[in-house]
Amino acid sequence: MLLSTSRKARLFALTAAAIAVGSLAGCGGGDDASTLMHTMVKVDSITQGGSCEDINVKVSPVDILPNAPKMSNSKEFITPVALTKGADGVSCSGTGTSIPMAPGKWKFTAMMPSGVSSCEHDVPATGASNVAFKDGESACQ
């Protein structure tokens, strides 16, 4: 039995839609997106000339673990941290979140008013990852 032209077109459209939906299911957020790690960067500083100057934290790979999630970064990048003035009028603080990072050892470096502060930090495959800078200290935590 022959199908009518409009029925063939509908069957073709339904088949194409089913294939498209099936292929999208494999490339959505899925499990890989849920494993992407970000590092929270906290900065405590002091005002400069009465205002808070934002800090850019350079993040450089030291030793990246194999088999990182597909969407995670394994190259050097900058994480901006916007600072706001505290109630005392002298302190500045802020936090920033990195882009998705591959698990492994990373070096975090910030130019603070008192000088350069840096440390190496292990970014886990799962769990929390936090780095803190405090003006006057040469190493982050």
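The values are calculated or read from the model by the stated rules, or taken from the named source; none is laboratory data. None of these values were measured; they are calculated from a predicted model. Heads up, the Cβs are rebuilt from the backbone with ideal geometry, glycines too, and the neighbour counts pull from every protein chain shown.
Things to note:
- Only one of the listed residues (Gly94, Gly50) is touching a Lys or Arg at 6+ places or on another chain (Cβ under 9 Å), closer than 23 Å to Met111 by Cβ and modelled with pLDDT under 95. That residue is Gly50.
- Number of positions in region 65-102 that are part of a loop (DSSP other than H, G, I, E, B) and either in contact (Cβ under 8 Å) with a residue 40 or more places away in the chain or touching a Phe, Trp or Tyr at 6+ places or on another chain (Cβ under 9 Å) (or both): 8
- Of all residues making up region 103-139, the number that are in contact (Cβ under 8 Å) with a residue 60 or more places away in the chain, in a loop (DSSP other than H, G, I, E, B) and of a type in the set (A, V, I, L, M): 2
- Candidates Ala125, Ala132, filtered to the one that is at pLDDT 95 or above and either touching a Phe, Trp or Tyr at 6+ places or on another chain (Cβ under 7 Å) or surrounded by 14 or more Cβ atoms within 10 Å (Cβ to Cβ) (or both): Ala132
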